[in-house]
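K.L.:
Take this structure, written in structure tokens, and hold onto it; I'll ask about it next.
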Amino acid sequence: MIIGLTGTPGTGKTSVCRILEGRGYRVIHMNDLIKNEHLYSEVDEARDTVVADMDRVLSRVCELVGDDEAVTILDSHMSHYIADIVIVLRTAPSELKKRLEARNYSDAKVQENVEAEGLDVILVESVEWCQLVYEVDTTGRNADDVVKDVETIISGILSGDDTLVYSQYKPGSFDWSEDIF
């Protein structure tokens with residue numbers, strides 16, 4: 001089973017995935033995979049990123065996962081293009097801005113990501129692409145607390161009855177559009 005952990009850069013995906021790895025979950029860090037195995041079609045210098053070749057990424061992820069039925073978590077702001085089940089991490093744009101500035105992102109990259117978060121870009125894409133979507137707020141929270149929410153969602157999925165979990169983490173719970181304007 002592949003579960004995507006997605007969200008705008010800076011929402012806590014990698015921090016959460018590092019903890020999940022420590023707890024025995026298999027995690028594929030897609031951004032590292034893309035860069036290390038050159039699974040991209042070009043380098044976008046202006047945006048300081050690579051343009052992933054998603055067909056090649058999907059093929060490689062499928063090779064890595066194989067027929068294993070264990071939970072595999074995909075860590076990436078693009079994991080919703082591959083996984084049918086995703087957990088979208090969300091952060092209030094005002095806090096996200098501070099996190100991205102602390103990473104020394106360019107002003108343009110900070111603004112692009114803050115606007116994307118405020119306009120629910122990754123959430124909307126996830127709902128369009130995926131069968132099951134959950135949403136977790138990371139604003140003002142540490143990674144250990146967010147991991148508890150993620151593990152609650154995974155347990156609900158594995159149990160075959162995620163009704164209560166879904167009602168608690170259903171998509172569309174946050175509206176930060178006012179926070180970016």
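K.L.:
Residue under question is LEU58, and the condition is that it be modelled with pLDDT of 95 or more and either surrounded by fewer than 23 Cβ atoms within 10 Å (Cβ to Cβ) or not aromatic (Phe, Trp, Tyr) (or both); does it hold?
P.N.:
Details: modelled with pLDDT of 95 or more: no; either surrounded by fewer than 23 Cβ atoms within 10 Å (Cβ to Cβ) or not aromatic (Phe, Trp, Tyr) (or both): yes.
So LEU58 does not fit the description; no.
K.L.:
If you don't mind, another one. Identify the single condition in (1) modelled with pLDDT under 95; (2) loosely packed, with under 14 Cβ neighbours inside 10 Å; (3) among the small types (Gly, Ala, Ser) that GLY22 does not satisfy, given that it satisfies every other one.
P.N.:
The one condition GLY22 does not meet is (1).
K.L.:
Would segment 72-93 turn up any residue that is more than 16 Å from LEU5 (Cβ to Cβ) and part of a loop (DSSP other than H, G, I, E, B)? Before the answer, list the steps.
P.N.:
Going through segment 72-93, the residues more than 16 Å from LEU5 (Cβ to Cβ) turn out to be 92-93.
Within this subset, residues satisfying the condition of being part of a loop (DSSP other than H, G, I, E, B) are 92.
Looking through segment 72-93, at least one residue is more than 16 Å from LEU5 (Cβ to Cβ) and part of a loop (DSSP other than H, G, I, E, B).
K.L.:
Here's a follow-up. Could you tell me whether SER126 is among the hydroxyl-bearing types (Ser, Thr, Tyr) and assigned to a helix (DSSP H, G or I)? Lay out the reasoning, then the answer.
P.N.:
Values: among the hydroxyl-bearing types (Ser, Thr, Tyr): yes; assigned to a helix (DSSP H, G or I): yes.
Yes: the conditions hold for SER126.
K.L.:
Among the candidates LEU89, LEU58, which residue alone is in contact (Cβ under 8 Å) with a residue 24 or more places away in the chain and under 17 Å from GLU117 (Cα atoms)?
P.N.:
Numbers: LEU58 fails: under 17 Å from GLU117 (Cα atoms).
On inspection, the qualifying residue turns out to be LEU89.
K.L.:
So in segment 129-145, with the set limited to residues that are over 15 Å from the mean Cα position of the chain (by Cα) and assigned to a helix (DSSP H, G or I), which one is nearest to TYR169 (Cα to Cα)?
P.N.:
Once the filter is applied, the top-ranked residue is ASP145.
K.L.:
Take ASP67 and decide whether it is of a type outside the set (Gly, Ala, Ser), out of contact with any strand residue (DSSP E or B) (no Cβ under 6 Å at 6 or more places or on another chain), more than 29 Å from SER173 (Cα to Cα) and part of a helix (DSSP H, G or I). Before the answer, list the steps.
P.N.:
Numbers: of a type outside the set (Gly, Ala, Ser): yes; out of contact with any strand residue (DSSP E or B) (no Cβ under 6 Å at 6 or more places or on another chain): yes; more than 29 Å from SER173 (Cα to Cα): yes; part of a helix (DSSP H, G or I): no.
It is false that ASP67 is of a type outside the set (Gly, Ala, Ser), out of contact with any strand residue (DSSP E or B) (no Cβ under 6 Å at 6 or more places or on another chain), more than 29 Å from SER173 (Cα to Cα) and part of a helix (DSSP H, G or I).
K.L.:
Okay, moving on. Mind checking whether some residue in segment 39-48 is of a type in the set (Gly, Ala, Ser), open to solvent by 50 Å² or more (accessible area, probe 1.4 Å) and in a helix (DSSP H, G or I)? Quick ask: steps written out before the conclusion?
P.N.:
Keep residues of segment 39-48 that are of a type in the set (Gly, Ala, Ser), which gives 41, 46.
Among the residues that remain, those that are also open to solvent by 50 Å² or more (accessible area, probe 1.4 Å) are: 41, 46.
Those left that are additionally in a helix (DSSP H, G or I): none.
So far as segment 39-48 goes, no, none of its residues is of a type in the set (Gly, Ala, Ser), open to solvent by 50 Å² or more (accessible area, probe 1.4 Å) and in a helix (DSSP H, G or I).
K.L.:
Working only within segment 97-140, note down all residues that are free of Cβ contacts under 8 Å to residues at least 60 places away in the same chain, open to solvent by 20 Å² or more (accessible area, probe 1.4 Å) and within 13 Å of THR11 (Cβ to Cβ).
P.N.:
Passing the criteria: LYS97, LYS98, ASP120, ASP137, THR139, GLY140.
K.L.:
Then there is this: Regarding LEU33, is this residue open to solvent by 70 Å² or more (accessible area, probe 1.4 Å), on the phi < 0 side of the Ramachandran plot and in a helix (DSSP H, G or I)? Before you say what the answer is, go through the steps one by one.
P.N.:
Numbers: open to solvent by 70 Å² or more (accessible area, probe 1.4 Å): no; on the phi < 0 side of the Ramachandran plot: yes; in a helix (DSSP H, G or I): yes.
When the stated conditions are applied, LEU33 does not pass them.
K.L.:
Testing ASP161 on (1) open to solvent by 30 Å² or more (accessible area, probe 1.4 Å); (2) under 25 Å from GLY22 (Cβ atoms); (3) among the acidic types (Asp, Glu), one condition comes back false. Which one is that?
P.N.:
Single failed check for ASP161: (2).
K.L.:
A follow-up question, please. Considering only residues that are out of contact with any strand residue (DSSP E or B) (no Cβ under 9 Å at 6 or more places or on another chain) and of a type outside the set (Ser, Thr, Tyr), look in segment 1-31 and name the one that is farthest from ASP144 (Cα to Cα). Step through it out loud before you land on a result.
P.N.:
The first filter runs over segment 1-31 and keeps only residues out of contact with any strand residue (DSSP E or B) (no Cβ under 9 Å at 6 or more places or on another chain), leaving 9-10, 15, 19, 22-24.
This time we only want the ones that are of a type outside the set (Ser, Thr, Tyr), so: 9-10, 19, 22-24.
Working: PRO9: 18, GLY10: 16, ILE19: 7, GLY22: 12, ARG23: 11, GLY24: 15 Å.
The selected residue is PRO9.
K.L.:
Counting only residues that are open to solvent by less than 20 Å² (accessible area, probe 1.4 Å) and assigned to a strand (DSSP E or B), how many does segment 1-19 have?
P.N.:
4
The values are calculated or read from the model by the stated rules, or taken from the named source; none is laboratory data. All of these numbers come straight from a predicted model, not from anything done at the bench. Positions of Cβ are backbone-derived with ideal geometry, glycine not excepted, and every protein chain shown enters the neighbour counts. Ligands, DNA and RNA are excluded from the accessible area calculation, which covers all protein heavy atoms including side chains. Shrake-Rupley method; radii C 1.70, N 1.55, O 1.52, S 1.80 Å.
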